[in-house]
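As C-alpha cells, the structure follows; a few thoughts come after it.
FYI, it's all coordinate maths here, none of it is from the lab. This one's a predicted model, so the numbers in the text were calculated from it and none came from an experiment. Cβ placement follows ideal geometry from the backbone for every residue including glycine, while neighbour counts extend to all protein chains displayed.
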Ligand code: HEC
Ligand code: HEC
C-alpha cells in the first residue's frame with residue numbers, strides 16, 4: 001500500500017493541468033474563458049441588470065435560445081465588446097474584474113434591466 005506522503009508527493013510532482021476553456025458552439029461571444037471565468041461573467045451580468053438567471057434563460061437549459069432576452073443579451077455582449085475593442089484597447093482587467101473590458105453591462109445598467117433615461121430638462 002502506498003503511504004499518504006508518497007501519494008501527496010506524486011500529486012505535487014504532477015504538472016498542473018491547464019484549466020478547461022469553455023468551448024461549445026452555443027457560446028458565441030464569451031469565448032476563450034475558463035469555466036470559473038465564464039460563470040463569474042454570468043454572475044456579473046445578473047448583478048448588473050438586477051436580474052436572475054431566469055431573466056435570460058429558460059428553465060432546464062442554459063444553451064437554449066428560447067428566452068428572447070438571451071438574444072438581446074447576446075447583442076449587448078457584442079456591443080460592449082465592440083466599444084471596448086474600439087475605445088479602450090489598452091485596458092487591462094484587474095484580478096477579479098470583468099473580462100469584457102472597461103465598459104461592462106454595469107456601466108449602463110447600474111443594477112437595472114432598463115438603464116435610466118436622462119431626467120427631463
Ligand atoms: C442578461 C442575460 C443573462 C443572464 C441574467 C444570465 N445569462 Fe447565462 N447566458 C446569457 C447569454 C447571452 C449566453 C450566451 C453567451 C455567448 O454566446 O457568448 C449565456 C450562456 C450561459 C451558459 C452557457 C450555455 C451553453 O451554451 O452551454 C451558462 C451555463 C449560463 N449562461 C449560465 C447562467 C447562470 C448560472 C446565470 C445566473 C447566475 C446566468 N447564466 C444568467 C445570458 C444571460
Ligand atoms: C452602452 C450602454 C449599455 C451597455 C454597455 C449594455 N446595455 Fe443593455 N441596454 C442598454 C439600453 C439603452 C437598453 C434598452 C433599454 C430599454 O429599452 O429601456 C438595454 C437593454 C438591455 C436588455 C433588454 C431589457 C428588456 O427590455 O428586457 C438586456 C437583456 C440587456 N440590455 C442586457 C445587457 C447585458 C447583458 C450587457 C452587458 C454584456 C448590457 N446590456 C450592456 C444599454 C446598454
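What to note about this one:
- Positions within region 12-24 being touching a residue at least 12 places away in the same chain (Cβ under 8 Å) and more than 9 Å from ligand 1 (Cβ to nearest atom), in sequence order: 19, 20, 21
- Only one entry of 106, 88 meets the criterion of being surrounded by fewer than 15 Cβ atoms within 10 Å (Cβ to Cβ) and out of contact with any strand residue (DSSP E or B) (no Cβ under 9 Å at 6 or more places or on another chain), and that entry is 88.
- Breaking point among (1) in a helix (DSSP H, G or I); (2) under 17 Å from residue 31 (Cβ atoms); (3) away from ligand 1 (no atom under 16 Å from the Cβ), for residue 85: (3)
- Of all positions in region 68-84, none carries a residue that is away from ligand 2 (no atom under 12 Å from the Cβ) and on the phi < 0 side of the Ramachandran plot.
- Region 51-63, residues that are more than 6 Å from ligand 1 (Cβ to nearest atom) and out of contact with any helix residue (DSSP H, G or I) (no Cβ under 8 Å at 6 or more places or on another chain): 54, 58, 59, 60, 61
- Residue that is farthest from the chain's Cα centre (by Cα), among those in region 25-46 that are part of a helix (DSSP H, G or I) and either under 24 Å from residue 116 (Cα atoms) or near ligand 1 (Cβ under 6 Å from one of its atoms) (or both): 46
- Within region 47-62, being in a helix (DSSP H, G or I), surrounded by 13 or more Cβ atoms within 10 Å (Cβ to Cβ) and within 14 Å of the chain's Cα centre (by Cα) holds for 47, 48, 56.
- For region 103-120, the criterion of a residue being assigned to a loop (DSSP other than H, G, I, E, B), within 8 Å of ligand 2 (Cβ to nearest atom) and in contact (Cβ under 8 Å) with a residue 60 or more places away in the chain is satisfied by at least one position.
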